[in-house]
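No lab work stands behind these numbers, since they all come straight from the coordinates. The structure displayed is predicted, hence computed values, not measured ones. Cβ atoms come from the backbone with ideal geometry, glycine included; neighbour counts cover every protein chain shown.
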Amino acid sequence: MATADTSSAHGGDHAREVSFYAAKTGLKSWLVTLDHKRLGMMYLVGTMVFFLVGGIAALTLRTELLTPEQDLVSATTYNKLFTIHGAVMVFLVIIPSVPGALGNFLLPLMLGAKDVAFPRLNLLSFWIYSLGAVFFLITLVNGSLDTGWTFYTPYSTSSGTAVVTATFGAFILGFSSILTGLNFIVTVHKMRAPGLTWNRLPLFVWAIYSTAVIQILATPVLAITLMLLMIERTLNIGIFDPAMGGDPVLYQHFFWFYSHPAVYIMILPGFGIISELIAVHSRKHIFGYKAIALSSIAIAIISFLVWGHHMFVSGQSELAGVVFSFLTFAVAVPTAIKVFSWVATLYKGSIEFNTPMLYALAFLFTFTIGGLTGIFLGALSVDVHLHDTYFVVAHFHYVMMGGTIIAFIGGIHHWWGKMTGRMFNEAHGRWGCLLVFIGFNMTFFNQFIVGQQGMPRRYATYVPQFQQQHVLSTIGSYILGLGLLWTAFYLLRSLKTGAQASDNPYAGASLEWQTQSPPIEHNFHGQPRVDTDPYNFPQIDRSGGMDHH
Amino acid sequence: MSSAHGQGPKAPHAFFQHHYNTVEQQAGAAKLGMWVFLATEILMFSGLFLAYFIIRILYPEMVLGSHELLSKTMGGVNTVVLLFSSFTMAMAVRSAQVGDTPGIIRNLIMTIGCACIFMVVKYFEYTGKFAHGIFPGKYFDYGRAAAYAAEHGHELVGMPHIFFGIYFTMTGLHGVHVAVGIGVLVWIMLRAKKGHFGPQYYSPVENVGLYWHIVDLVWIFLFPLLYLVK
């Protein structure tokens, strides 16, 4: 294999050991495990359960929107549904999904380490995540929440729903995110195998690292914002509530100072997955390795300077609006560098149209639409028209769902054999991908149009002229739901009936493929060593290079 | 702690964790992790400092009038106490580095003592405020607070509940950090008594020390901003 002199690490040279699943058994072996692989699997289960919860809320509100009148649910229930959908999907699904599940499982493997730097802290992160999830569940049964996932004041200080419980849940989840980020930063700095220099890190690692930097710099600000909101609601100290002399726009500044970088906490890990998927499944050295790696860092930095573009119509100064608009355009540059590099990687590659690659291609299509429509919203004058319309809804779903979630599902397929030791059925996978792709685009593409025509977001009712497009969206969402359920079905079934996965089913060159599938408890036999970067694929590399060996 | 380049790795100590390759790697990870954690602490408090400055810009006279009700003496005493505790904390780390276990314990006891004095002073400050109707937010009793201010020759203007809201929030969060500090200081003191620390292994002492210094540092900013506005 091209990556490493793994003579001491290669599974083949040793008698096969039992996998980390078989090494220990029983409930306790999971609940108090320090093994990053088990924690990764538990995050995967946790995020998927809440993906279902958020998805059910979404399908219910899409069903309400089949007709212009209010029929299925009351307006209040509708408000609670979109709030729960948003809050659950952001705080319990997308933010922890890729770092929590794939990051935990893969990061130490990709670094050739036995574990993350602080395994006990890692377990603590997971339990803090679970505690935050419990608070969200308490919110659901205790009056729910109707403020929208952004908890905007002054409504959130007066709403009769369980704002404090929900906010406290998000506050707790923030600490899980911070501790995971901290752990990953130290792991990347300190736990790399001999020879694994920064320029030889898989791009997934670069992406997780950049994400971790944002997590530790932005999330504390969310913590203090939510703490102030809780204090404002319980004591009325007069910081955000205008009736008490506070400033509601200050809340928005605070909130978006976290929540815009948080958008990149959500999408950067997705970028990392796509880099791996495209390189491995087109059998070609990634184009512009350093550009992709450093553009992640550039995005991490610029992401802190653009929060004001959420507030163009909130009464910030015109000058601030112009500056934020310009900086927003600037984020497009490193993002475009990535997209062009991926496309250039595909060029003359030996492309395998298997399920992971299909998801990667779907990502290129949907994320690019999501990114480009962000430019519309970043332009001051256009945003005044599009603000708080379905155009915004479509835009961020193209980025969050069409970007992160599509990449996440692609990543799950790519590493499914490594994680579970079983291969899913390829044909089933392709059908699932097709359903998800068609359903997703059918749901959201016409929302750009309906939004541009003036349909505001967050309403249970609408004027009859929009019905046709809403019906189309709702049918699309059913297809999307069906595709996702189908995907869950065949993946779970593969655990029983799937073919045994080989150690390296896609002939990847990074270190996680150099150990057994599923990996042994201590990851590698002996200490892996690395002497080249992880994109030097043997034999069919047509990028002008010769076989490395 | 650093062994010269080219020498072999240090012999593993009793607290070496086996997912690390070397003792140096473990110590380096612990230290980097702590610094990253301190960065998150600074960002969390900086949100509160920002809120404070916004309030001060929005209502300068109100902040000026309200701050006169805070006791500069108690705040000043607490500042001196915390500064001294940072010194004893640094001495405790030094004692650990040279393997002087009685020194670690002695210095940690002094640090914990200072932390407790700080909390006691804070308790009297808070109860002294509450006694005159100075509560955070909507519980603020304007009539009693204004009468108390007039007794001391000061005048309340505008909406002083906002100043005291941010005062109680900032000092309260800082107080929580001091309380957590006492907890971890006691923890490493008990470990020191068992003889866990020496030149080979003193990361916990060093990291608790770093935490304690940041708690001190936050107070160094809180004191002038809240007590010494004029």
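Classify the protein assembly as shown as rounded, prolate or oblate, taking a ≥ b ≥ c as the square roots of the eigenvalues of its Cα gyration tensor: rounded when a/c is under 1.5, otherwise prolate if a/b is larger than b/c and oblate if not.
Oblate shape, in that a/c is at least 1.5 and b/c is the bigger or equal ratio.
Between A:Arg422 and residues 5 or more places away or on another chain, which pairs have amide H atoms under 5 Å apart, with H built 1.01 Å from N, and which residues are they?
Sorted by chain and number, the residues that satisfy this are A:Ala501.
Rank B:Leu225, B:Pro60, B:Met89 by how far each Cα sits towards the positive end of the charge dipole of chain B (+1 on Lys, Arg Cβ; -1 on Asp, Glu Cβ) and give me just the farthest.
The residue sitting farthest along the positive end of the dipole is B:Met89.
Exposure proxy check: B:Thr40, A:Thr60 ranked by fewest other beta carbons within 10 Å?
Ordered by Cβ neighbours within 10 Å, fewest first: A:Thr60, B:Thr40.
Determine the relative contact order of chain B: mean sequence separation of Cα pairs under 8 Å and six or more apart, normalised by residue count, in whole percent.
Details: 230 pairs, mean separation 70.5, N = 230.
31 percent.
Using the alpha-carbon atoms, what tilt in degrees (0 to 90, nearest 10) does helix A:289-302 show relative to the longest principal axis of chain A?
Result, in degrees: 30.
Can you tell me how much longer the chain between A:Thr25 and A:Met230 gets when fully stretched, taken as 0.36 nm per residue apart minus their C-alpha distance, in nm with one decimal?
Values: separation 205, 0.36 × 205 = 73.80 nm, distance 4.19 nm.
In short, 69.6 nm is gained.
Size of the dipole of region A:390-549 about the Cα centre, Lys and Arg at +1 and Asp and Glu at -1 on the beta carbon, nothing else charged, in debye to 20? Write down the numbers at each step before the final one.
Working: 9 positive and 8 negative charges, 139 e Å.
Charge dipole, region A:390-549, about its Cα centre: 660 debye, nearest 20.
To test your reading of the geometry: what angle, between 0 and 90 degrees and rounded to tens, separates the Cα axis of helix B:72-97 from the longest principal axis of chain B?
0
Considering the options A:His470, A:Ile95, A:Pro505, tell which one lies farthest towards the positive end of the dipole of the protein assembly as shown, charges being +1 on Lys and Arg and -1 on Asp and Glu at the Cβ, about the Cα centre.
It is A:Pro505.
Can you return the aspartates and glutamates within cross-link range of B:Lys138? Criterion is Cα-Cα under 17 Å, with same-chain partners fewer than 8 residues away left out.
Within the straight-line cut-off, B:Lys138 pairs with A:Glu232, A:Asp241, A:Asp247.
Taking a threshold of 30 Å on the Cα-Cα distance, which of the pairs B:Lys72/B:Lys194; A:Lys348/A:Lys418; A:Lys37/A:Lys290; A:Lys80/B:Lys129; A:Lys114/B:Lys31; B:Lys122/B:Lys230 fall above it?
With Cα atoms farther than 30 Å apart: B:Lys72/B:Lys194; A:Lys80/B:Lys129.
Residue by residue through region A:524-529, what is 3J(HN,Hα) from phi via Karplus (6.51 cos²θ - 1.76 cosθ + 1.60, θ = phi - 60°)? Round to whole Hz and write x for glycine and proline.
Along region A:524-529, the couplings run 10, 7, x, 9, x, 10 Hz.
To the nearest 500 deg cm²/dmol, what mean residue ellipticity at 222 nm is calculated for the protein assembly as shown from DSSP H runs of n ≥ 4 alone, each contributing -39,500 (n - 2.57), summed and divided by the residues?
-22500 deg cm²/dmol, from helical runs alone.
Tell me, A:Tyr459, B:Tyr148 in order of fewest to most beta-carbon neighbours within 10 Å?
A:Tyr459, B:Tyr148
Which value, in debye to the nearest 20, describes the size of the charge dipole of chain B about its Cα centre when Lys and Arg Cβ atoms bear +1, Asp and Glu Cβ atoms bear -1, and nothing else is charged?
Its charge dipole is roughly 500 debye.
Could you give the angle, 0 to 90 degrees to the nearest 10, between helix A:203-235's Cα long axis and the longest principal axis of the Cα atoms of chain A?
30
In which sequence would A:Lys114, B:Lys193 go, from the one with the fewest C-beta neighbours within 10 Å to the one with the most?
In order of increasing Cβ crowding within 10 Å: B:Lys193, A:Lys114.
Got a sec? Charge dipole of the protein assembly as shown, +1 on Cβ for Lys and Arg, -1 for Asp and Glu; which of A:Thr373, B:Ala14, A:His36 is way out at the positive end?
With unit charges placed on the Cβ atoms, the residue in question is B:Ala14.
For chain A, what does the relative contact order come out to in percent, with C-alpha contacts under 8 Å and a separation of six or more?
Relative contact order of chain A: 23 percent.
What is the Cα centroid distance between region B:114-169 and region A:128-203, reported in whole angstrom?
Rounded to whole Å, the Cα centres lie 34 Å apart.
Can you give the mean number of other chain Cβ atoms that lie within 10 Å of the Cβ atoms in peptide B:33-42?
Per residue, the average neighbour count from other chains is 6.
Which value, in debye to the nearest 20, gives the size of the charge dipole of chain A about its Cα centre, when Lys and Arg are +1 and Asp and Glu are -1 at the Cβ?
900
Quote to one decimal, in nm, the extra length available between A:Gln467 and A:Val382 on full extension: 0.36 nm per residue of separation minus the C-alpha distance between them.
Length difference between fully extended and current span is 28.1 nm.
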